[in-house]
Amino acid sequence: MRIGLTYDMREEYLALGYTEEEVVELDKPETIEGLEAALAALGHQPVRIGNHRALAAALLAGERWDLVFNIAEGMHGLGRESLVPAMLDAWKIPYTFSDPMVLAISLHKGMCKRVVQQLGVPTAPFAVLDRSEDAAGLALPFPLFLKPVAEGTGKGIDDRSVVRDPEALAAVSADLLARFEQQVLVETFLPGREFTVGIVGTGAKARIAGVMEVHIPGDEDAVYSMETKENYVGVVHYGLLEAGPLREDVEGVALAAWRGLGCRDGGRVDVRLDAAGRANFIEVNPLAGLNHVHSDLPIMTYMAGGDFTDLIGAIVASALERTDARRSSSR
Ligand SMILES: Nc1ncnc2c1ncn2[C@@H]1O[C@H](COP(=O)(O)OP(=O)(O)OP(=O)(O)O)[C@@H](O)[C@H]1O
Ligand SMILES: [Mg+2]
């Protein structure tokens with residue numbers, strides 16, 4: 001099968017003058033090379049496309065693919081992850097991962113938590129701030145956790161993210177609003193253990209790829225920040241969670257959110273325990289990192305005994321299954 005690859009490469013944007021922080025969510029050349037190698041090992045013909053502009057040019061030039069493997073994160077606005085899938089929908093070209101609506105909702109963590117809460121999945125009490133002045137009127141008890149409402153890869157998350165008093169709440173929310181030019185999500189701080197849950201598949205066929213504990217030893221309030229994510233070696237301890245009631249709770253939260261939101265093919269759900277020890281939804285990553293060395297979903301796949309080619313094969317199989325079902329029902 002001829003499989004196109006859509007992605008946003010860090011170096012292209014650095015060359016245009018973007019900063020390291022602005023490009024931290026984007027891909028390195030090794031990531032694309034790893035995906036090409038896995039697709040080739042599965043017997044496919046990988047074809048690099050690139051970002052949304054390259055996709056538009058290729059489409060207008062008449063190029064077509066049997067499937068597009070899409071990991072393009074985009075750069076601007078709340079539709080940045082939805083852009084490539086929306087274009088592919090318009091051109092009726094099948095692609096991996098979620099549709100434009102799911103990607104837009106999950107990118108906005110406040111909107112996403114509203115949906116998740118309505119699904120009956122536990123998630124920390126929260127508010128979305130437009131202005132730091134509004135922080136004073138919040139009814140949420142301290143400690144609180146603050147982050148930009150629509151970023152990933154730990155952007156805007158550091159040791160100031162946990163706030164314990166009104167002064168820190170006002171200062172940190174004002175700083176985040178100014179730095180990221182978007183709303184700020186204020187949540188009850190979840191003090192318990194943290195897990196990231198890998199999922200492969202869609203709907204009823206979605207299955208757990210692994211439940212990995214993310215543990216930062218020696219710091220009770222440690223959070224999985226941008227700095228930690230980039231420099232995880234020797235700092236973060238990763239381990240698969242053993243079977244038992246806790247794993248059932250964590251898996252149940254992750255799968256209910258994944259299925260309820262309509263996420264497809266593969267990704268990760270981040271979960272943390274509240275003060276009562278119950279699993280709470282933090283956020284979903286329907287375009288999870290797929291670097292074969294550093295990304296959480298591949299890492300937990302290896303811990304569970306799988307390899308990278310199996311993981312990519314399962315994602316492609318899930319996408320093709322959806323596509324075949326649609327084709328046969330529209331005949
Ligand atoms: N309510 C909370 N209580 C405690 N810690 C939290 C809370 N929300 C987020 N965190 C911490 O901050 C980290 C990053 O938060 P989150 O997963 O929302 O950010 P992200 O940048 O989108 O992450 P990713 O790299 O997975 O895309 C979490 O892994 C967790 O350690
Ligand atoms: Mg996360």
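The values are calculated or read from the model by the stated rules, or taken from the named source; none is laboratory data. These figures come from a predicted structure and were not determined experimentally. Every residue, glycine among them, receives a Cβ derived from its backbone with ideal geometry; neighbour counts consider all protein chains shown.
Annotations for the structure displayed:
- Members of segment 265-291 that are surrounded by fewer than 22 Cβ atoms within 10 Å (Cβ to Cβ) and more than 11 Å from ligand 1 (Cβ to nearest atom): 276, 277, 278, 291
- For segment 98-132, filtering for residues that are out of contact with any Pro (no Cβ under 8 Å at 6 or more places or on another chain) and over 15 Å from residue 146 (Cα atoms) leaves 15.
- Out of 136, 150, 178, 206, one residue alone is more than 13 Å from ligand 1 (Cβ to nearest atom), touching a helix residue (DSSP H, G or I) at 6+ places or on another chain (Cβ under 6 Å) and not hydroxyl-bearing (Ser, Thr, Tyr). It is 206.
- Subset of segment 143-169 [within 16 Å of ligand 2 (Cβ to nearest atom) and either at positive phi or part of a helix (DSSP H, G or I) (or both)]: 153, 154, 156
- Enumeration of residues in segment 64-98 that are buried (at least 20 other Cβ atoms within 10 Å of the Cβ) and of a type in the set (Phe, Trp, Tyr): 65, 69, 95, 97
- Among helices (runs of 4 or more DSSP H) entirely within segment 23-142, having at least 3 residues that are within 16 Å of ligand 2 (Cβ to nearest atom) singles out 100-107, 109-118.
- Taking first residues from segment 120-145 that are over 20 Å from residue 191 (Cβ atoms) and partners that are of a type outside the set (A, V, I, L, M, F, W, C) and within 16 Å of ligand 2 (Cβ to nearest atom), the Cβ contacts under 7 Å between residues at least 6 apart in sequence or on separate chains come to 128/110.
Residue-by-condition table, conditions (1) without any contact (Cβ under 8 Å) to a residue 60 or more places away in the chain; (2) farther than 23 Å from residue 262 by Cα; (3) assigned by TED's automatic domain parsing to the domain that holds residue 266; (4) of a type outside the set (Gly, Ala, Ser):
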residue: 6; (1), (2), (3), (4): no, no, no, yes
residue: 17; (1), (2), (3), (4): yes, yes, no, no
residue: 28; (1), (2), (3), (4): no, yes, no, yes
residue: 63; (1), (2), (3), (4): yes, yes, no, yes
residue: 67; (1), (2), (3), (4): no, no, no, yes
residue: 80; (1), (2), (3), (4): yes, no, no, yes
residue: 108; (1), (2), (3), (4): yes, no, no, yes
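- Residue count for segment 189-221, restricted to those that are more than 16 Å from ligand 2 (Cβ to nearest atom) and either assigned to a loop (DSSP other than H, G, I, E, B) or assigned by TED's automatic domain parsing to the domain that holds residue 152 (or both): 9.
- For segment 50-84, the set of residues classified as more than 23 Å from residue 310 (Cα to Cα) and among the aliphatic types (A, V, I, L, M) consists of 54, 55, 56, 57, 58, 59, 60, 61, 75, 78, 83, 84, listed by residue number.
- When each of 12, 73, 36, 22 is tested for being farther than 18 Å from residue 94 by Cβ and in contact (Cβ under 8 Å) with a residue 60 or more places away in the chain, the lone residue that passes is 73.
- Condition check for residue 101 on (1) buried (at least 17 other Cβ atoms within 10 Å of the Cβ); (2) within 17 Å of the chain's Cα centre (by Cα): one failure, at (1).
- From the list 276, 254, the lone residue that is touching a strand residue (DSSP E or B) at 6+ places or on another chain (Cβ under 7 Å) and at pLDDT 95 or above is 254.
- Of the residues examined, residue 232 is not one that is of a type in the set (Phe, Trp, Tyr) and crowded, with 19+ Cβ neighbours inside 10 Å.
- Note on segment 183-238: residues that are free of Cβ contacts under 8 Å to residues at least 40 places away in the same chain and basic (Lys, Arg) total 1.
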